[in-house]
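Inspection log for the structure reproduced underneath, given as structure tokens.
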Amino acid sequence: MKKKLLVFTGILVIGLFFHSVVDSQARGVYQIPTVAIPTVTGTPTGPVALVRRDTDQDQVNVRSGPSVRYDIIGVLIPGQEVPALGRTPGGDWIQVSYPGVPGSVGWVYSPLLEVKDSIPIVEPPPTPTPQTTPTIDPTLAAQFIVEEQPTRLPTFTAPPPLAIPTYSNRTTQTLRGGIPMGIVIIGLAVVGFFGTLISFLRGR
């Protein structure tokens, strides 16, 4: 009985040993790596536009057309490279490849990019039209209309005519004999002076 138990125990130990060896080899073959597997990314071919690093902006807007009137469809960060597809006739805007948007293209203001190669001129998309036409509420506008009351102008009243007195030439009064009155007065004064002088001399 003891011999059978020892044989059974030995067979069990040998079986466990081979099972552990086979299991470890299987895990070594089929073990999934725990580290991140690097993905292969393709580099853009053809003309490339580099977002300038010396800009004061943290990100650069990508628009649906070459103007600020177009909607913003995405952003680029300084140092990012994107394929350059074309430019406007004036060279103010650059068309770049931007997947994930309608047409997979966008427009960036050219001073924010550095294009390494020459790119062709492309036709810009039509200018977007506003979806709603702005209208002015006449009731609201009437509240801001200030009507100025007409002021009464002062009436002009003509002054009364100025009465200017007239002076007649003063004629020299003369006596009937034709002797001027002034000479008579002077003569009487002279006679009175001499009379006074004579009276004074007599009194001495």
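The values are calculated or read from the model by the stated rules, or taken from the named source; none is laboratory data. Predicted, not measured: the structure shown is a model, and the values here were computed from it. Neighbour counts are summed over all protein chains in view; Cβ atoms, including those assigned to glycine, are modelled from backbone coordinates with ideal geometry.
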| task | Check off (1) modelled with pLDDT of 70 or more; (2) outside any loop (DSSP other than H, G, I, E, B) for A141 and give me the number that stays unchecked. | result | (1)
| Quick one: is L85 farther than 19 Å from D54 by Cβ, surrounded by 17 or more Cβ atoms within 10 Å (Cβ to Cβ) and at pLDDT 90 or above? | yes
| query | Just for segment 88-117: of the residues that are over 29 Å from the mean Cα position of the chain (by Cα) and charged (D, E, K, R), which one is farthest from R52 (Cα to Cα)? | reply | D117
